[in-house]
Amino acid sequence: MSHELTKDFLQEIRLRVVNYDALWLKEQVLHLHYADIAEILDKLSNEEAKYIYYLAEDEDLQADILMELDEEVRDRFIASLSSKEIADQLENLDSDDAADILAELPKDQIHEVISQMEDDDAAEDIVDLLNYDEATAGGLMQKEFFQAHVEWTVRRALIELRKQAEDVEKVYNIFVVNESDQLVGVLSLKRLLFADTRTTIEELYQSKNIIKVKTSDTSEKVARIMEKYDLVSIPVVDYQSKLVGRITLDDVVDYIREEADKDFKMATGISDRTDANSSFWKSGFSRLPWLILAMVGGTIGAKVISSFEGGISKLPALAFFIPLITAMGGNVGVQSSAIVVQSIAKGDHGLTRIFPRLLREAGVGLMNGIILSGLIFGVASVFSGIQLATVVSLSLLTVIVFAATFGTLFPMLLHRYRIDPALAIGPFVTTLNDIIGLFIYFSIGMLLFNL
């Protein structure tokens, strides 16, 4: 059952913290689901949150709360701890979560925290994960998983798996390895439990069509594979096919959410990690680069208009349709870019051939351009005359075809050169389309009117 956090309840919690009412806090707060507890701690000051957090005597509960905290709150919380306290907290976490937290610390502190960890195996796992790029399968994986050797009997496997269960929080399946620790198959827990204890693992495991990823595979590839085969976990192997970890569905969902959030912010002209609760200065500076770009683009656009000032002074009606030209160019460009970026995100391999895609989008732009330019010709001819209507309709047709083509080409080129194509949906495309659209419009106008 979900818990609704009210203003009165939050105020009551603050009062209980001030009075060090540990019993009330344990009964009223720490009995909640860890996600609800994290939501409460997100709303409290760092000292208030720490007091409640350490009242949770269950180490697993502390770990769950810590990972559910808002990222900025968690970073602030971790920063307030000593190296020894951080080391103690990391030992309670899954290796991938611990590595993610540790990677955010300064390099000198990372070494200090690792040296303070009492569990040498946990420390070794975390250090190993830190060596992988965070955008790869190695950076997503965790080192906790169930594995059984192919020559084991079911009896021995059950004994060994009980030992492994101390570190593995969620059991999805059992990975089967040979004497060289190479992945050879997968075994369901159900089949193991119902098998005769004298049966060997070799007689039970599935060795065909094993779905796995390498440590160097990109996070995007991992997400696509898990979505395609509807997996809740997937084994990770190194270049020698040795089993080195697993990736679970929750980690992939987190990755997808982070990428979607990053792409949305980039598309709307916001850089860096920021949200509605970010500080005043961080929120402002995260938007500033794109606003500067828009200002520069606007200045160039004004320069384009001023260069045609003589023609506009002779035919002021040309200025009436400036908003239409810039708006349509920007909208068409963003639509084309969004379609390409979406296709890239889904792993559309057809995008490797640029020319056919450009031809298709140019055709779509031409079709839409003919329809829209025909409509605007009818409207403009009534209010502004046939000649100006011809200028507007021809300009609109040209701008739409250009915007559709450029909006398609730009994200494909970015993707080819390994730059985030979401950049193409943002202010860059709209600003550039504004400038070129104005140039096209006035050039056609000057030509047809002989100005």
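Throughout, read-outs are computed from the coordinates displayed, never taken from laboratory work. None of these values were measured; they are calculated from a predicted model. All Cβ positions, glycine included, derive from the backbone under ideal geometry; neighbour counts span all protein chains shown.
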Report summary line: antiparallel share of DSSP beta bridges within the chain, to nearest 5, in %, is 75
Query raised in the report: Where does each of D254, D94 land when they are ranked from fewest to most other beta-carbon atoms within 10 angstrom?
Result: D254, D94
Report task. Counting only C-alpha contacts under 8 Å and six or more residues apart, can you give the relative contact order of the chain as a whole percent? Result -> 11
Query - Helix axis angle, 46-55 relative to the chain longest principal axis, alpha carbon, degrees - result: 30
Report task. Might you report the magnitude of the Cβ-based charge dipole of the chain about its Cα centre, with Lys and Arg at +1 and Asp and Glu at -1, to the nearest 20 debye? Result -> 3360
Report task. Note the angle between two axes, namely the Cα long axis of helix 249-267 and the longest principal axis of the Cα atoms of the chain, as a number of degrees from 0 to 90, rounded to the nearest 10. Result -> 20
Query raised in the report: If r is the Cβ-Cβ distance from V232 to M295 and R0 is 56 Å, what FRET efficiency results, to the nearest 0.05?
Result: 0.70
Requested in this report: Please name which of N19, I210, L291 has its Cα lying farthest along the dipole of the chain towards the positive end, using unit charges on Cβ (Lys, Arg +1; Asp, Glu -1) and the Cα centre as origin.
Outcome: L291
Query - Karplus-derived HN-Hα couplings along segment 91-104 (A = 6.51, B = -1.76, C = 1.60, θ = phi - 60°), whole Hz, x at Gly and Pro - result: 5, 8, 9, 5, 4, 5, 5, 4, 5, 4, 5, 5, 5, 7
**Report entry** Helix 280-307 vs. the chain, principal-axis angle (Cα, 0 to 90°, nearest 10)
**Finding:** 20
Query raised in the report: What pairs from K43/K214; K221/K242; K143/K221; K107/K143; K50/K242; K163/K208 go past 30 Å between their alpha carbons?
Result: K43/K214; K50/K242
Report summary line: Computed on Cα atoms, the radius of gyration and Dmax of segment 147-249 in angstrom are 13.6, 42
